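Here is the structure we will look at.
The values are calculated or read from the model by the stated rules, or taken from the named source; none is laboratory data. Please read these numbers as outputs of a predicted model, since none were measured by experiment. We place every Cβ from the backbone using ideal geometry, glycine too, and count neighbours over all the protein chains shown. Only protein heavy atoms, including side chains, enter the accessible area calculation; ligands, DNA and RNA are left aside. Shrake-Rupley method; radii C 1.70, N 1.55, O 1.52, S 1.80 Å.
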Amino acid sequence: MSVASTVFLACCSSLAAAPEQASGSKAPRTQHSQTGQTVDNQFHAASADFDAGHFAEAATLLETLVRRLPNSFEVHEMLGLSYSADSKDAKANPHLEKAARLKPNSAAAHTNLAANLTRLGKLDLAEAQFKKAAELDPKSYDTNHNLGEAYVRAGQLAKAEPFLALAQKINPSAYDNGYDLALAYLLTNHLADARHLVQSLLKLKDIAELHNLLGEVEEKDGNFVPAANEFQAAAHADPSESNLFDWASELLLHRTLDPAVDVFTQATARYPKSARLAIGLGMAYYARGNYDDAVKSLLRGADLNPSDPDCYLFLSKAYNSSPGQAEDVIARFRRFSELQPANAKAHYYYAMSLWKGKRAEDAGLDLAQIEALLKKSLALDPKSAEAHLQLGNLYSDQTKFPEAIPEYETARKLDPDLADVRYRLGQAYVRTGKKDLAQEEFAVYQKLREQHLADLDKQRAEIRQFVYSAKDGAGKPE
């Protein structure tokens with residue numbers, strides 16, 4: 001279970017363990033023996049229905065009782081819990097609030113109210129109730145765990161840690177709390193604490209998601225080999241789509257390319273409908289220089305998730321080195337531009353696919369369409385150096401150098417380290433008689449080309465961004 005793709009802490013969906021609430025709870029007292037017998041029987045019948053999971057039936061009995069005993073803690077508490085268990089949180093809340101008012105020293109009552117408020121999305125109110133429960137019962141595992149989770153849901157991880165840590169100290173074998181605390185440590189960069197806790201949990205429960213979490217810890221701490229080993233252990237223990245993606249991605253991130261291709265290949269065979277696995281395989285092929293295979297895999301990824309911009313970035317790159325599948329690639333970029341008409345990159349990719357795919361077929365090359373697409377892209381994103389560069393190239397190819405030079409100069413201003421801009425601007429200056437300016441651009445171009453590692457660093461950054469965004473995105477079809 002990766003950090004990016006895992007929901008960090010679930011809302012409190014289970015009921016708090018309150019001694020006043022379930023079977024064996026005290027029946028509400030009454031002064032009249034005959035009425036009391038009826039009330040007792042009705043309450044015990046409701047308790048039996050509740051314990052049996054018949055929440056609607058329990059609520060029906062308790063609705064009658066609450067009218068007769070409007071100040072009974074037990075009746076309001078169980079009615080609120082019955083509604084809550086039946087997913088009727090709005091109806092549950094006033095009864096749980098009344099119960100907490102009737103018995104303000106009950107930590108369980110405040111916890112049950114807080115859990116219900118959480119499900120209603122009232123996190124500030126829920127946090128206050130969890131804090132009250134913790135004050136009433138500071139040595140309780142449940143109250144500390146619940147308050148820690150309340151802070152997590154509020155995005156206050158630093159405040160969450162001490163309560164989760166105390167809950168862990170109270171009950172070291174509580175797996176859910178331990179996992180949540182380790183994840184909190186990871187997200188707050190307390191990596192040594194996270195590592196130690198996960199290793200302790202593994203001694204109690206050697207399962208895939210803990211190996212995966214330890215892999216995330218090692219990766220964040222810069223320990224590639226241990227991270228890859230943990231992701232591999234997770235994938236062997238549970239070859240889920242997520243675990244296989246994490247393992248293969250770790251290999252790809254650190255350019256262990258042959259193993260990355262092998263793992264992605266096995267994963268796509270097991271999960272042929274996973275877009276991110278198909279894209280990952282395409283990226284691994286691209287990084288290894290297998291451009292034809294990269295295009296094929298990225299085309300599959302584009303068909304599985306037509307709106308994923310990451311796929312088109314690498315499809316564009318692979319296509320530049322392998323234009324043999326022009327018709328299929330152009331069709332995908334056309335579809336992308338139609339699906340996302342407000343996306344500047346979509347129009348840029350479509351323009352470049354048309355231009356690259358048909359340069360050898362001058363009769364079918366519509367330069368006006370390509371120019372219009374590039375201008376549309378720039379209208380949506382005027383700060384795109386690449387789009388200005390390519391529009392300049394389009395003009396230069398038509399010997400329209402006066403039109404090309406402003407595009408190149410704008411691209412140079414936006415990205416002074418873009419080597420191609422320097423070279424093409426130098427050529428345009430030569431063609432317009434500005435030889436001194438041209439020599440300056442060529443000199444800068446030569447220096448930039450010597451920094452060839454920058455291209456590799458950019459590719460690594462793009463791969464890393466894809467991996468992390470793919471982990472964060474919940475869509476993992478299998």
If you average 1/r across every pair of different Cα atoms in segment 152-225 and take the reciprocal, what Kirkwood value do you get, in Å? 12.3
For peptides 74-80, 104-110, 267-273, sequence by mean Cβ density within 10 Å, most packed first: 74-80, 104-110, 267-273
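Just how large is the dipole of the chain about the Cα centre, in debye to the nearest 20, putting +1 at every Lys and Arg Cβ and -1 at every Asp and Glu Cβ?
Details: 54 positive and 64 negative charges, 171 e Å.
Using Cβ point charges on Lys, Arg, Asp and Glu, the chain gives about 820 debye.
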Which length gain, in nm to one decimal place, applies between K220 and A269 when the Cα-Cα distance is subtracted from 0.36 nm times their residue separation? 14.7 nm
Per principal axis, largest first, the Cα atoms of segment 387-463 extend in Å by 39, 23, 19
For the chain, how big is Rg over Rh, using alpha carbon atoms and the Kirkwood form of Rh? 1.16
Tabulate in residue order the Karplus-calculated ³J(HN,Hα) for segment 396-407, using 6.51 cos²θ - 1.76 cosθ + 1.60 with θ = phi - 60°, rounded to whole Hz; enter x for Gly and Pro. 4, 4, 9, 6, 9, 5, x, 6, 6, 4, x, 5
Would you kindly state how much longer the chain becomes between R68 and A90 on full extension, computed as 0.36 nm times their sequence separation minus their alpha carbon distance, in nm to one decimal? 5.7 nm
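Take the Cα pairs of segment 108-257, get the Kirkwood Rh, then feed it into Stokes-Einstein at 25 °C and 0.890 mPa s and tell me D in µm²/s.
Rounded to a whole number, D works out at 151 µm²/s.
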Whenever you get a sec, line up E327, E409, E161 from highest to lowest accessible area (probe 1.4 Å, protein heavy atoms). E327, E409, E161
Suppose the chain between T38 and Q465 were pulled fully straight at 0.36 nm per residue; how much longer would it get relative to their current alpha carbon spacing? 147.1 nm
For the chain, the percent of accessible surface on carbon and sulfur atoms (probe 1.4 angstrom, ligands and nucleic acids excluded) is 50
Take every Cα pair under 8 Å in segment 273-354 that's 6+ residues apart, average their separations, divide by the length, and report that relative contact order as a whole percent. 25
Below 8 Å between Cα atoms, with a sequence gap of 6+, how large is the relative contact order for the chain in percent? 9
So what are the ³J(HN,Hα) numbers for segment 69-75, from phi and the Karplus equation (6.51, -1.76, 1.60; θ = phi - 60°), rounded to whole Hz, Gly and Pro as x? 10, x, 10, 8, 4, 4, 5
Hits among aspartates and glutamates - C-alpha to C-alpha of K296 under 15 Å, sequence gap 8 or more where chains match: E327, D328
Please enumerate, by chain and number, the aspartates and glutamates with C-alpha under 15 Å from the C-alpha of K435, excluding those fewer than 8 residues away in the same chain. none
If the reach is capped at under 18 angstrom between alpha carbons, list the aspartates and glutamates near K169, excluding any in the same chain fewer than eight residues apart. E135, D137, D142, E149, E161, D180, D193
